[in-house]
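Nothing in this text is a laboratory measurement; each read-out follows from the coordinates by a stated rule. Keep in mind that what you see is a predicted model, and the values were worked out from it rather than measured. Glycine gets a Cβ as well: all are built from the backbone with ideal geometry, and neighbour counts include every protein chain shown.
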């Protein structure tokens with residue numbers, strides 16, 4: 001930009017930079033799910049995923065490089081925490097995704113369910129959401145955006161007060177505190193009852209249902225008794241349960257339950273007034289499904 005004076009160019013370079021992530025790996029699954037490893041200017045690599053479902057094009061976004069929460073079900077938790085992503089780096093994932101889609105296609109839905117805990121980088125996530133939802137920004141409506149959390153109480157409260165109507169999804173994964181503590185270290189300081197109370201306040205403030213994500217693990221958390229407890233926990237709360245068969249993660253002993261175990265667990269839920277959905281995991285063959293991100297990040 002030699003048409004600008006050197007003094008102005010120097011000042012601009014000191015105060016601003018152009019974020020330019022590089023796609024260092026792209027993989028496409030049999031079901032057309034596409035996973036991208038993006039390298040940012042400092043060498044940090046994160047993954048994001050485009051999920052294709054009829055006319056929907058959903059982008060699973062990362063908010064951190066790594067994660068502090070160390071959930072044992074999650075490949076990201078095993079890689080440790082490197083740093084928070086910037087507002088630009090969160091938005092970059094959407095820009096890259098829109099660029100690689102076919103002509104006339106664009107990202108229609110966003111789920112903040114990639115690498116990291118969104119509420120551990122919440123100020124930055126909120127700033128990104130303002131641009132994501134704006135008419136002069138990316139024009140993705142709050143109703144097509146979901147924020148997922150391991151159950152950070154302050155974040156749930158803030159999203160209810162400061163959000164613009166985004167959906168809230170809480171990773172529960174157990175119907176009792178002892179089991180949850182084994183799966184999610186964060187649960188040692190936050191009980192299921194506290195999470196249910198925070199979700200109830202969120203639902204009352206926003207008027208929206210809360211989604212509870214529940215990974216079904218063989219021999220761990222999907223016995224009929226778990227189904228009964230889960231149904232009782234959520235019976236008075238405007239909510240729905242999204243059941244997720246456990247996806248394989250490297251060096252993890254946890255496995256997907258057999259169909260008989262799943263059916264017995266789900267029967268207890270279907271016999272209750274709770275809304276139940278079962279997630280069809282996409283991108284499993286390229287390690288792009290729930291809990292699998294960071295398992296195949298190439299070395300820097």
Quiz item: Rounded to the nearest 0.05, what FRET efficiency is calculated for residue 127 and residue 101 with R0 set to 30 Å and r the Cβ-Cβ distance?
Solution: 0.75
Practice problem: Could you grab the Rg to Rh ratio for the range 1-142? Cα atoms only, Kirkwood for Rh. | Solution: 1.01
Quiz prompt | Alpha-carbon centroid distance for the pair the range 229-300 / the range 157-173, whole angstrom | solution = 20 Å
Quiz item: Gain in length, residue 13 to residue 42, computed as 0.36 nm per residue apart minus the alpha-carbon separation, to one decimal in nm?
Solution: 8.8 nm
Exercise. Mind pulling the angle between the C-alpha long axis of helix 6-15 and the longest principal axis of the chain? Nearest 10 degrees, somewhere in 0 to 90.
Key: 10 degrees
Practice problem: Calculate, axis by axis, the spread of Cα positions in the range 197-300 along the three principal axes, and write the results as whole Å, longest axis first. | Solution: 46, 35, 20
Quiz prompt | Residue list for the range 154-174, given a label point 7 angstrom along the Cα-to-Cβ vector of residue 223 and an amide N cut-off under 16 Å | solution = 174
Quiz item: Hey, what angle do you get for helix 224-234 against the long axis of the chain, alpha-carbon based, 0 to 90 degrees rounded to 10?
Solution: 60 degrees
Quiz item: What is the ratio of the Cα radius of gyration of the chain to 2.2 N^0.38 Å, where N is its residue count, to two decimals?
Solution: 1.03
Quiz prompt | the chain - mean residue ellipticity at 222 nm from DSSP helices (-39,500 (n - 2.57) per run, n ≥ 4, rounded to 500) | solution = -9500 deg cm²/dmol
Quiz item: Packing-wise, with mean Cβ within 10 Å as the measure, how do 283-292, 150-159 rank, highest first?
Solution: 283-292, 150-159
Quiz item: Label points 7 Å out from Cα along the Cβ direction at residue 158 and residue 279: separation in nm?
Solution: 2.3 nm
Quiz item: What is the packing order of peptides 123-134, 85-96, 61-72, taking the mean over residues of other C-beta atoms within 10 Å and listing the highest first?
Solution: 61-72, 85-96, 123-134
Quiz item: So for the pair residue 6, residue 232, with labels modelled 7 Å out along Cα→Cβ, what separation do we get in nm?
Solution: 7.7 nm
Quiz prompt | Global size of the range 63-199 as Cα Rg and Dmax, reported in angstrom | solution = 15.6, 50
Quiz prompt | Length released on extending from residue 54 to residue 189, taking residue separation times 0.36 nm less the Cα-Cα span | solution = 44.5 nm
Quiz item: Mind checking the angle between helix 153-162 and the chain's longest principal axis? C-alpha axes, 0 to 90 degrees, to the nearest 10.
Solution: 60 degrees
